[in-house]
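Some notes on the structure that comes next.
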Amino acid sequence: MDKDLTTYILQMNNFIDSNICEQAIKEMQNISFEEHKFYDANTNIYAPRSKDELSMSWDDIPTKKIITEKLWYAIANYLEVISFPWFTQWQGYSKIRFNKYNETKKMGLHCDHIRDLFDGERKGIPILSVLGVLNDDYEGGEFIMFDNYEIKFKKGDVVIFPSNFLYPHKVKPVTKGTRYSYISWVW
């Protein structure tokens, strides 16, 4: 087993077709977004960490189904690449959440130990995060893991990494344009 944590980060370039990415962004112009909030286990409160948090939406759009179905292949590919005989199965993955970063918006440093995914119907814990970017015509908005490990995205790319405290990450503020992405969690 490789002890370098970057070994367990898998980026797949051009995973979602450019036309699907563009269609998804067009469709997102008609859905509602709300300010992203982090959960604080000490206070049991959801709150933004700053006034510059991104916006998010769980709303459905026609292309969401296409992207969701394709994620199965990304997850299967991840398991094949890491090739652990003891880690061959997963139960499912969450609905896609869309993220929108207007200028100055960011996501603070955190890890994806998502608590509210399990509402009683699903049993388990998130084990993988699947993050995709739908455009690259913005500036800033760099995706940083650990302290300084940047993952450079192009439109249609997806990255998969473990959803635990060893994989802290953030998105730096967007300085020009709007960054669109989506996220799903595997359990």
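The values are calculated or read from the model by the stated rules, or taken from the named source; none is laboratory data. Everything numeric here is computed off the predicted structure, so don't read it as measured data. Please note: Cβ atoms are built from the backbone with ideal geometry, for glycine as well, and neighbour counts cover all protein chains shown.
For region 30-56, which residues satisfy the criterion of being acidic (Asp, Glu) and in a loop (DSSP other than H, G, I, E, B)?
52
Here's the yes/no breakdown for (1) touching a helix residue (DSSP H, G or I) at 6+ places or on another chain (Cβ under 7 Å); (2) at pLDDT 95 or above:
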position	(1), (2)
8	yes, yes
12	yes, yes
15	yes, yes
25	no, yes
28	no, yes
31	no, yes
37	no, no
45	no, no
51	no, no
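If the Cβ limit is 6 Å and pairs must be 6+ apart or interchain, which residue in region 61-78 that is more than 12 Å from residue 98 (Cα to Cα) pairs with which residue that is of a type in the set (S, T, N, Q)?
From region 61-78, the pairs are 71/184.
Which numbered condition in (1) assigned to a loop (DSSP other than H, G, I, E, B); (2) without any contact (Cβ under 8 Å) to a residue 24 or more places away in the chain; (3) within 24 Å of residue 140 (Cα to Cα) is the only one that residue 16 fails?
It fails just one condition, (2).
Considering only residues that are touching a strand residue (DSSP E or B) at 6+ places or on another chain (Cβ under 7 Å) and more than 13 Å from residue 154 (Cα to Cα), look in region 5-17 and name the one that is surrounded by the fewest Cβ atoms within 10 Å (Cβ to Cβ).
6
Taking the options 143, 98, name whichever one is modelled with pLDDT of 95 or more, more than 22 Å from residue 40 (Cα to Cα), of a type in the set (Phe, Trp, Tyr) and under 12 Å from the mean Cα position of the chain (by Cα).
143
Could you grab me the full set of residues in region 157-187 that are surrounded by fewer than 21 Cβ atoms within 10 Å (Cβ to Cβ), at pLDDT 95 or above, over 17 Å from residue 4 (Cα atoms) and over 11 Å from the mean Cα position of the chain (by Cα)?
172, 173, 175, 176, 177, 178
Kindly list the number of the only condition in (1) within 19 Å of residue 36 (Cα to Cα); (2) at pLDDT 90 or above; (3) in contact with a Phe, Trp or Tyr (Cβ under 6 Å, 6 or more places away or on another chain) that fails for residue 115.
(2)
When only residues in region 18-52 that are of a type in the set (S, T, N, Q) and in contact with a Lys or Arg (Cβ under 9 Å, 6 or more places away or on another chain) count, which is surrounded by the most Cβ atoms within 10 Å (Cβ to Cβ)?
18
Output the strands (runs of 3 or more DSSP E) that fall wholly within region 83-187 and possess 1 or more residues being touching a Leu at 6+ places or on another chain (Cβ under 7 Å), or say none.
97-101, 107-110, 128-133, 158-162, 169-171, 179-186
Of all residues in region 1-13, how many are in a loop (DSSP other than H, G, I, E, B) and either under 16 Å from the mean Cα position of the chain (by Cα) or hydroxyl-bearing (Ser, Thr, Tyr) (or both)?
Residues flagged as in a loop (DSSP other than H, G, I, E, B) and either under 16 Å from the mean Cα position of the chain (by Cα) or hydroxyl-bearing (Ser, Thr, Tyr) (or both) within region 1-13 amount to 2.
Please work out if residue 141 is buried (at least 20 other Cβ atoms within 10 Å of the Cβ) and at positive phi.
Taking the combined requirement at face value, the residue satisfies it.
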